[in-house]
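The values are calculated or read from the model by the stated rules, or taken from the named source; none is laboratory data. Fair warning: this is a prediction, and the values are worked out from it, not measured in the lab. No Cβ is skipped: glycine too gets one built from the backbone with ideal geometry, and neighbour counts run over all protein chains shown. SASA here: full protein model, heavy atoms, side chains in, ligands and nucleic acids out. Shrake-Rupley method; radii C 1.70, N 1.55, O 1.52, S 1.80 Å.
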Amino acid sequence: MSQQFDVVVIGGGPGGYVAAIRAAQLGFNTACVDAFKSPEGKASLGGTCLNVGCIPSKALLQSSENFHAIQHDFAKHGISVDGAKMDVATMLERKNGIITKNAGGIAFLFKKNKVANVHGLATLKSRQGEKWIIEVTDNGAVVDTLEASHVIIATGSNPRQLPGLPTDNQLVLDNAGALALADVPARLGVIGAGVIGLEMGSVWKRLGADVTILEAMPTFLAAADQQIAKEAFKSLTKDTGLDIKLGVKIGEISKGANSVTVNYELNGEAVKAEFDKLIVAIGRVPNTAGLGAENVNLQLDERGFVVVDDHCHTNLPNVWAVGDVVRGPMLAHKASEEGVAVAERIAGQKPHVDFGVIPWVIYTSPEIAWVGKTEEQLKAEGIEYKKGTSGFAANGRALGLGHAQGTVKLLACAKTDRILGLHMIGPMVSELVTEGVVSMEFKAASEDLARIVHAHPSLSEVVHEAALAADKRALHG
């Protein structure tokens, strides 16, 4: 007999599990169906973000940064360390422990909010009256049938594959494989200089790998403000030691017994490179496999995304979709906010998600973060603007931390002074960018930010100084 629910959420990642919790908080009888399994074959909530993405990558980044600091930075503090070693197995065990703890936390939240936690692959089968029929399978066997008044699709995305070279996570790795290397490869190749490529490249470079990143685009971090991107490129190549090649045309790739050979063209010259491991980080594609879109005529676009309107409603009555499987940036926090908004819309509320103030972060060292329009976008759109910049080089807190490189750049409307963008590279800018997000959400002017008292000494003073500089009244620059 079918289980009856007001809301069934398909997918337990940051879009899905948050949507399920919020729906339950609003009084709906809610279930969340998720198919993810750990390498040990156990159900693990949290989706790609928690299991093989955002969270484990940050754990490895921190471990590798600590190892790098012992080797290169501690001596400046008068701390001597001889014979430092990295135990990769222990590092991975710590990473896996963080995943387990967080996944257990989500399961606890489901129990606390009375969300039914269903493991398996959910497939939309049909509509009967006002109810959607959803079949749940595990290893091909039907384990449950659910009926729902509303369905929220939050099935996320999968790594994009190179044509003719599927990842095996032995020699050719996707994000999951890059997070689970048992040993540090001597020669690591990375195809793609995006978030995943840069972060994973940074981890294994700091642990001793010789890392080469091959990027097809001629411009580094084309989506970022180019002043910040150029500073990031210089830092990552000079200080971190990543060998980043831009404008690469990938040719034939072949796998040997213990290595991968990549043939590519750079500046008109043919190059042949051999790597012990190759990470493929060329983007992600929406995950609709097994969803049953064809059973119910759910509309997908030419790229495979579920088609939704501005409110995340699909072409089907009471069927919604959020996160990576729909248009917009593939960011965990975007997915979560869409999930909350949909649950509230089902309840008759009128929430909104402003894509113009969604922050972007790359957790390299130094970190890179931004929100709003870049200077290049403002020029292309013919918007008159003013800008203020300030650096971390003279910031007392940054100097004390030993990480005093980087820049904060604020862009504001020349006529109204309203903040249009905040771009930064430097220590902990993943936290500082929120100052721009809040300011922009409340339509603040650079003058507003300049008049706010910032703690001293703090990294946030660089944001304050950039706001002052937009009005040509910087105090320390």
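What residue, of A222, A229, is closer than 22 Å to S57 by Cα, modelled with pLDDT of 95 or more and of a type in the set (A, V, I, L, M, F, W, C)?
A229 is the lone residue from the list that is closer than 22 Å to S57 by Cα, modelled with pLDDT of 95 or more and of a type in the set (A, V, I, L, M, F, W, C).
Could you please tell me which pairs satisfy a Cβ distance under 7 Å, a separation of 6+ or placement on different chains, a first residue in segment 58-73 that is in contact (Cβ under 8 Å) with a residue 24 or more places away in the chain, and a second residue that is of a type in the set (D, E) and in a helix (DSSP H, G or I)?
Close Cβ pairs (under 7 Å, with a partner that is of a type in the set (D, E) and in a helix (DSSP H, G or I)) amount to L61/E199.
So which residues in segment 318-342 are part of a helix (DSSP H, G or I) and either in contact with a strand residue (DSSP E or B) (Cβ under 9 Å, 6 or more places away or on another chain) or open to solvent by less than 50 Å² (accessible area, probe 1.4 Å) (or both), if there are any at all?
Of everything in segment 318-342, those that are part of a helix (DSSP H, G or I) and either in contact with a strand residue (DSSP E or B) (Cβ under 9 Å, 6 or more places away or on another chain) or open to solvent by less than 50 Å² (accessible area, probe 1.4 Å) (or both) turn out to be G323, D324, V325, A332, K334, A335, S336, E338, G339, V340, A341, V342.
Here's the yes/no breakdown for (1) of a type in the set (D, E, K, R); (2) under 25 Å from P39 (Cβ atoms):
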{"site": "F67", "(1), (2)": "no, yes"}
{"site": "F74", "(1), (2)": "no, no"}
{"site": "F108", "(1), (2)": "no, yes"}
{"site": "K112", "(1), (2)": "yes, no"}
{"site": "V118", "(1), (2)": "no, yes"}
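A182 - would you say it is within 23 Å of T90 (Cα to Cα), open to solvent by less than 30 Å² (accessible area, probe 1.4 Å) and over 22 Å from the mean Cα position of the chain (by Cα)?
no
Take I244 and decide whether it is of a type outside the set (S, T, N, Q), within 21 Å of P163 (Cβ to Cβ) and in contact with a helix residue (DSSP H, G or I) (Cβ under 8 Å, 6 or more places away or on another chain).
So I244 fails the test.
Determine if segment 140-147 includes at least one residue that is open to solvent by 30 Å² or more (accessible area, probe 1.4 Å) and part of a loop (DSSP other than H, G, I, E, B).
Yes, there is a match, as at least one residue in segment 140-147 is open to solvent by 30 Å² or more (accessible area, probe 1.4 Å) and part of a loop (DSSP other than H, G, I, E, B).
Taking interchain pairs and intrachain pairs at least six residues apart, which have beta carbon atoms under 7 angstrom, with the first residue in segment 249-260 and over 12 Å from V280 (Cβ atoms) and the second among the polar types (S, T, N, Q)?
G251/N263; E252/N263; S254/T261
So S390 fits all but one of (1) in contact with a Ser or Thr (Cβ under 9 Å, 6 or more places away or on another chain); (2) under 26 Å from Q71 (Cα atoms); what number is the exception?
(2)
Could you please find all residues in segment 256-278 being open to solvent by 90 Å² or more (accessible area, probe 1.4 Å) and either modelled with pLDDT under 95 or among the hydrophobic types (A, V, I, L, M, F, W, C) (or both)?
Result: A257, A270.
Take the conditions out of contact with any helix residue (DSSP H, G or I) (no Cβ under 9 Å at 6 or more places or on another chain), open to solvent by 70 Å² or more (accessible area, probe 1.4 Å), at negative phi and not in a loop (DSSP other than H, G, I, E, B) and apply them to E294. Does it pass?
Considered against the rule, which asks whether it is out of contact with any helix residue (DSSP H, G or I) (no Cβ under 9 Å at 6 or more places or on another chain), open to solvent by 70 Å² or more (accessible area, probe 1.4 Å), at negative phi and not in a loop (DSSP other than H, G, I, E, B), E294 comes out as yes.
For residues in segment 299-317 being assigned to a loop (DSSP other than H, G, I, E, B) and of a type in the set (V, I, T), which is most open to solvent (accessible area, probe 1.4 Å)?
Among residues in segment 299-317 that are assigned to a loop (DSSP other than H, G, I, E, B) and of a type in the set (V, I, T), the one most open to solvent (accessible area, probe 1.4 Å) is V307.
Any idea which of (1) under 30 Å from A31 (Cα atoms); (2) in contact (Cβ under 8 Å) with a residue 12 or more places away in the chain is the one K101 doesn't satisfy?
Here K101 clears every test but (2).
Could you tell me which residue of segment 114-127 is nearest to N139 (Cα to Cα), considering only residues that are over 27 Å from the mean Cα position of the chain (by Cα) and open to solvent by less than 40 Å² (accessible area, probe 1.4 Å)?
The selected residue is L124.
Considering only residues of segment 343-379 that are more than 21 Å from A466 (Cβ to Cβ) and basic (K, R), which is least open to solvent (accessible area, probe 1.4 Å)?
The residue in question is R345.
Among the residues of segment 1-30, write down those that are of a type in the set (G, A, S) and either part of a helix (DSSP H, G or I) or under 14 Å from I346 (Cβ atoms) (or both).
G16, A19, A20, A23, A24, G27
If I filter segment 211-255 down to residues being among the charged types (D, E, K, R) and not in a strand (DSSP E or B), which single residue comes out as surrounded by the fewest Cβ atoms within 10 Å (Cβ to Cβ)?
Within segment 211-255, the match that is surrounded by the fewest Cβ atoms within 10 Å (Cβ to Cβ) is K238.
Residue pairs, Cβ under 7 Å, 6 or more apart or interchain, first in segment 302-317 and on the phi > 0 side of the Ramachandran plot, second surrounded by fewer than 19 Cβ atoms within 10 Å (Cβ to Cβ) and outside any loop (DSSP other than H, G, I, E, B). List them.
G304/V285
Check every one of the helices (runs of 4 or more DSSP H) wholly within segment 423-477 and list those with 2 or more residues that are touching a Lys or Arg at 6+ places or on another chain (Cβ under 7 Å) and not basic (K, R).
Here the list reads 461-470.
Filter segment 87-105 down to residues that are within 24 Å of the chain's Cα centre (by Cα) and open to solvent by 80 Å² or more (accessible area, probe 1.4 Å), then give me how many there are.
Summing the residues that are within 24 Å of the chain's Cα centre (by Cα) and open to solvent by 80 Å² or more (accessible area, probe 1.4 Å) in segment 87-105 gives 4.
Restricting the search to segment 353-401, which residues are part of a helix (DSSP H, G or I) and farther than 20 Å from G323 by Cα?
Passing the criteria: E375, E376, Q377, L378, K379, A380, G396, R397, A398, L399, G400, L401.
Filter segment 72-86 for residues that are outside any helix (DSSP H, G or I), modelled with pLDDT of 95 or more and surrounded by fewer than 10 Cβ atoms within 10 Å (Cβ to Cβ) and give the result.
G78, S80, K85
Has segment 380-396 got at least one residue that is more than 20 Å from H464 (Cα to Cα) and in contact with an Asp or Glu (Cβ under 8 Å, 6 or more places away or on another chain)?
Among the residues of segment 380-396, not one is more than 20 Å from H464 (Cα to Cα) and in contact with an Asp or Glu (Cβ under 8 Å, 6 or more places away or on another chain), which makes the answer no.
Would a scan of segment 29-47 turn up a residue that is over 25 Å from M428 (Cβ atoms), surrounded by 14 or more Cβ atoms within 10 Å (Cβ to Cβ) and aromatic (F, W, Y)?
yes
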